[in-house]
1. In whole percent, and with a 1.4 Å probe on the protein chains, what portion of the accessible area of the stretch A:301-406 is carbon and sulfur?
2. List the aspartates and glutamates whose Cα lies under 20 Å from the Cα of residue B:393, skipping any in the same chain that are fewer than 8 positions away.
3. Kindly report, to the nearest 10 Å², the accessible surface of residue B:339 as traced by a 1.4 Å probe over protein heavy atoms only.
4. Considering only the other residues whose Cβ falls under 12 Å of the Cβ of residue B:86, what net charge follows from Lys and Arg at +1 and Asp and Glu at -1?
5. Rounded to the nearest 0.05, what FRET efficiency do residue B:487 and residue B:139 have when you use their Cβ-Cβ distance and R0 = 45 Å?
6. Please name the residues of the stretch A:333-352 whose accessible area, counted over protein heavy atoms with a 1.4 angstrom probe, falls by no less than 50 Å² between the chain alone and the full protein assembly.
7. Under unit Cβ charges (Lys, Arg +1; Asp, Glu -1), what dipole magnitude, rounded to 20 debye, does the stretch B:1-128 have relative to its Cα centre?
8. For the stretch B:413-470, give the magnitude of the charge dipole about the Cα centre (Cβ charges: +1 Lys/Arg, -1 Asp/Glu; no others), in debye to the nearest 20.
Amino acid sequence: MPSALPLGDPAPSDGVLPSSAAAGSSNRDFGLYVHIPFCAVRCGYCDFNTYTAAELGGGASQANYAPTVQRELEFAAGALDRSGVTGRPLDTVFFGGGTPTLLPSGDLARVLTTARTLWGLRPGAEVTTEANPDSVTPASLEELAAAGFTRVSFGMQSAVPHVLAVLDRTHSPERVPLAVQWAREAGLKVSLDLIYGTPGEKLQDWSASLDAALSLEPDHLSAYALIIEEGTALARRIRRGQVPAVDDDDHADKYELAECALQAAGMSWYEVSNWARTDEDRCRHNLAYWKGHDWWGAGPGAHSHVGGTRWWNVKHPTAYAQRLEAGESPAAGRETLDDGARYVEDVLLRTRLAEGYPTADLNPAGRNAVAGLIADGLIEPREAFRGVVRLSNRGRLLADAVVRRLLPD
Amino acid sequence: MSPMARTAPVPAATDPAIIRNFCIIAHIDHGKSTLADRMLQLTGVVEQRDMKAQYLDRMDIERERGITIKSQAVRLPWELDGVSYALNMIDTPGHVDFTYEVSRSLAACEGAILLVDAAQGIEAQTLANLYLAMENDLTIIPVLNKIDLPAAQPEKYAAELANLIGGKPEDVLLVSGKTGVGVEALLDKIVSDLPAPVGDASAPARAMIFDSVYDTYRGVVTYVRVVDGHLSPRERIQMMSTRASHELLEIGVSSPEPTPSKGLGVGEVGYLITGVKDVRQSKVGDTVTNLAKPASSSLSGYADPKPMVFSGLYPLDGADYPVLRDALEKLMLNDAALVYEPETSAALGFGFRVGFLGLLHLEITRERLEREYNLSLISTAPNVEYEVTLEDKSVVHVTNPSEYPAGKIAEVREPMVSATILAPNEFVGTIMELCQGRRGVMGGMDYLSEDRVEIRYRLPLAEIVFDFFDMLKSRTRGYASLDWKADGDQVADLVKVDIMLQGEQVDAFSAITHRDKAYAYGVMMTGKLRELIPRQQFEVPIQAAIGARIIARENIRAIRKDVLAKCYGGDITRKRKLLEKQKEGKKRMKMVGRVEVPQEAFIAALSSDESKDKARK
Ligand SMILES: Nc1nc2c(ncn2[C@@H]2O[C@H](COP(=O)(O)OP(=O)(O)OP(=O)(O)O)[C@@H](O)[C@H]2O)c(=O)[nH]1
Ligand SMILES: C[S@@+](CC[C@H](N)C(=O)[O-])C[C@H]1O[C@@H](n2cnc3c(N)ncnc32)[C@H](O)[C@@H]1O
Ligand code: SF4
Ligand SMILES: [Mg+2]
């Protein structure tokens, strides 16, 4: 998660949720996100809530981290219970970071075991971890699979050395096929993250990265346009003119190239930046975010959502650990969405999905905008006739504009 | 050295013989308001701890820009040779746009302090204001200010001043408004040299209205100078032009806060409150008299200031039109120079065509409307007024390019000005080149001193009213000063240049220009708009045309990407906030056809490159 936290209402220290959050909970999917805020080095473009050992200065050590998170999970089970939220087995679990695989697999396994003990895992549950290609070994992946992980998402980013260098990545391109092979051998599904639009990346570079990724036949692929986040080292380097800025047209060209190559390789988009080989290969955990399901987010800076109440934890690992040690909720703030905000988020998130947004769920102002979106080639006409707002290829690149038009007031 | 007056003469019972009415006139920034500060302090009307620089510049805009916009009158006590006098001082603005404020103030005075910056010497508005003072038969006290400055050249400029008004250099007083040096001597000289007002105390009252200001709490406050007779609280007064009568709810003097008095007598300067809500009922230049004993003839007033520059003002949000209408109405209560009428624009919707005295006046009015009435406004390219004669001999007055008749034009006349430029003689060539480029015709040139010249030109108003002054300043390293006044009209070869976005004419950017300059305007405007209008979901051609002939074109390519690709994990709140921010940004756009044009584009496109962001001094 990005490092700046929203401003919200104060969150109670016992973690009890408003009664609106509990209503209807028995019918909703339930997921768990576990944030691991550690990385070996900080990449120049990244503003996620993550820390290198040097940045933490020895304070909250990586070794103590798993027990701390386990404590939050226990706290979570109690708080949900006290709030009257129906206890349900987990549909998805996602370990993200940071670099989760910087911790020993045994730590991740123990956390997963705690979750399973508290809530249980539904049969066929999706359990993912993010990983850097150079932070896994055949043994560590085997151990994860044995503990119940089903999926690993590698931060490949690019296959081109000069691009990886600008991104400050530590792994070499050759490491990725190996990591993928080991994951396969351990029985894990594989997803790859790519970044396009890095300063200095030529269209051929991007094409080569796509080819390299596709030759590994991933089950799932995310392609993100590089965002130059304020306050990052890369933003400073661009401002000083040390690396060239990248314009939106370059991003658009590369997005179109990605869609072409991925489609040709038999993958289909299901969200603006995400493609899967089959419907089963879609990342159900991410879909849960976009469809407004319930999930608990554990770890510093992690975000949670249950029945229209969102909250987020304190950002710094030390502050986070102190809260839990004191038996208090680690939440920094929260907000309970009113109907208007819920509607806005629903449109905002689901419009980005290939399954689209039902026109019947739009308010009158939103329905009014549909014809114009068809006329401008931003949504697919046939889908609209069927009652679904689905982005066209052009519309995917202009999705924010489409959303603004669907939410005119 | 005179002490501060021990007992101030009481208003309404002051013998005209101990009254001195004067104003401070000067070129902009020569230090009028600062000198006024010292007078407020020395005479004790403002306590030391309440003092702040340019005390009389009270409007936010005046303080921010460091210039005076409205004249302010203050009554000051001063003692000389054991006699207490009542001085009425009027601080005036120096900018050429507000010359009419100066001329109104002059009519309330017997004398004027002609202030000249001792490091700058005589400048164009020094001459203009001196001329106005002499026309009003005022006694002039020449004063050099800022003698504390290391760059001051008192001998040189004293000679220049003496030469100008006729007198000896030794008669020129040397002061510093900053340190206060010489200010007491100046106050003494005001008492000894300026004539006392004369009037008939027993005649029916005649008081000249020289300012009229709308105040939210007190209604209209009218500033008068009593010439004959006497005005008393609670009596009924009459406005001689309209014959309307009002009760005098309050009468008093400013010192410098409003202080009610038992009335005002011959020669006194003060204010009246009658409860009227509209300054037009209490018009500047009108004569106030007693209803019970009215005067038979009014004092000669002054001509209404004539608007020189016209611009359309439109609310960014069409729903704000009624707010803008009310705001203009209120502002007009305070600003007799403001004229307006409703107009509609194909591109901008409902708005007003407003007449101004100059570009600074436009800028300030716009800023006040935005600030005091919380409006977001678009102002269209400023225009002068053209007189177009059609082939059928009918005459149209055009203040808005969109009203420019198509075809069948027999003749177009444009307003002219006579301009006076003062500068060191090394710049004569540059200045002549600039004026010639602006279609000017030289009227003459005089040496003020060995190395400073006065150059006179007759120029089309349209050529000088926008960026001319900034050009003049930058080409003369800031040394030249300019003054101008209206001077008839002339036939000119003018054309209308239309600007089109996506083939749709946007009247806000159209202009009437000389035929030789149409191409340059078209290239400049299309180029600027290309920079200022963000990319849209479709391609936007920008064209400049004279009639059907395209003279310049640019193209804004369609935007291809408007989506954040990154997964924000579960931080949906941030995504929603981002959407709100994007939508906020869109609200600051004006829809022109289908094109979203940012408000800044209207402002920036209409100002010339050189004049952007610069203080107009
Ligand atoms: N050194 C010095 N600076 C002065 C003196 N008098 C005024 N100034 C400065 O000159 C600048 C202009 O002073 P103002 O008093 O605002 O001038 P003004 O003539 O009232 O200006 P307008 O009302 O805009 O025409 C300010 O920065 C003053 O501080 C002086 O005697 N000595
Ligand atoms: C939580 S991150 C990190 C996962 C893992 N630590 C790694 O870097 O391989 C998940 C993904 O977000 C993407 N990402 C991170 N910062 C980004 C940025 N500034 N712009 C676009 N994508 C970014 C990267 O593709 C990254 O793999
Ligand atoms: S390894 Fe991943 S999480 Fe860590 S700094 Fe790099 S991009 Fe960010
Ligand atoms: Mg002033």
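The values are calculated or read from the model by the stated rules, or taken from the named source; none is laboratory data. What you see is a predicted model; the values in this text were computed from it and never measured. Don't worry about glycine lacking a Cβ; one is built from the backbone with ideal geometry, like all the others, and counts go over all protein chains shown. Note: accessible area is taken over every heavy atom of the protein model, side chains too, but ligands, DNA and RNA are not part of it. Shrake-Rupley method; radii C 1.70, N 1.55, O 1.52, S 1.80 Å.
1. The value for the stretch A:301-406 is 49 percent carbon and sulfur by accessible area.
2. Here the aspartates and glutamates satisfying the reach criterion relative to residue B:393 are B:385, B:403, B:411, B:414, B:489, B:493.
3. 60
4. On the way: positive: B:20, B:75; negative: B:15, B:79, B:268.
With Lys, Arg at +1 and Asp, Glu at -1, the neighbours total -1.
5. 0.95
6. For the stretch A:333-352, once contacts with the other chains are taken into account, A:348, A:352 lose 50 Å² or more.
7. It comes to approximately 240 debye.
8. 340
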